[in-house]
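First comes the structure, then the notes that go with it.
Each reported figure results from applying straightforward, stated rules to the coordinates on display, with no laboratory input. Computed from a predicted structure; not experimentally measured. With ideal geometry, Cβ positions are generated from the backbone for all residues, glycine too; neighbour counts draw on all protein chains shown.
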Amino acid sequence: MTTLFTTAEVRNAIELLASRSLIRLVTEIDDNGAIPPRRLAATLPDLSAHQLRRTTATARAHGLVRNTPGTGLELTHAGSELADLYDATARWSRRHAYPVPVCEFSNRIRYVLDLLTPSLATESTDSPARLSATRLPSIEAEADLAHPRALLLHWLAGNPQLTRVSEPDPVT
């Protein structure tokens, strides 16, 4: 499969997408609906005020969330597709007990995105065999990884603002 991204572009996008606070924000809205105005801190109490400000600003800048009068902070179409990608990666991770049988949701997503990263860049080989160097639970796990990889490629192609290499804006 031909990929469209350089290693730097992939690294930039994955660093943002694998951010624990962004994962928490996107999945919270996806699971429970829009977050009413001034309820963000109460909704995500495990994130500091700084993390919340930075994450929402980054998510808005990349077109993942928007403020809607009367509703609050909600996902855009790109944010909803990202939530689907997060769900698919977490399902794969749980099904194959990767990286370990019990793991926090955001860590599962980060590990799978990190696992997929080498196969996305134009400088890497176009073969899924590149993944074999990483210890996967089984051949079946590697085959099942094709679905999250396809979703990620589709999402990145549809959201080029995330692959632009510029001053990194990591979200913690």
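A few notes on this one:
- In order along region 14-20, the Karplus-derived 3J(HN,Hα) couplings, from 6.51 cos²θ - 1.76 cosθ + 1.60 at θ = phi - 60°, round to 5, 4, 5, 5, 8, 5, 4 Hz, and Gly and Pro are given as x.
- With each label modelled as a point 7 angstrom along the Cα→C-beta vector, the R60-A8 pair spans 2.9 nm.
- Per-peptide average of other Cβ atoms within 10 Å, ordering 111-119, 40-48 highest first: 111-119, 40-48
- Shape category assigned to region 10-117 from the gyration tensor of Cα positions, a/c cut at 1.5: prolate
- Low-density loop cleavage sites - trypsin sites (Lys or Arg not before Pro) in region 1-107, where at most 16 other Cβ are within 10 Å (DSSP): R38, R39
- L44 long-range amide H proximity, modeled H, under 5 Å: none
- Counted residue by residue at 0.36 nm each, then reduced by the alpha carbon distance between them, the extension gain from A49 to V102 reaches 16.2 nm.
- Computed lengthening from A41 to S80, 0.36 nm per intervening residue step minus Cα-Cα distance: 11.9 nm
- Under-5 Å amide H pairs with L73, H placed in peptide plane, nonlocal only: I35, T68
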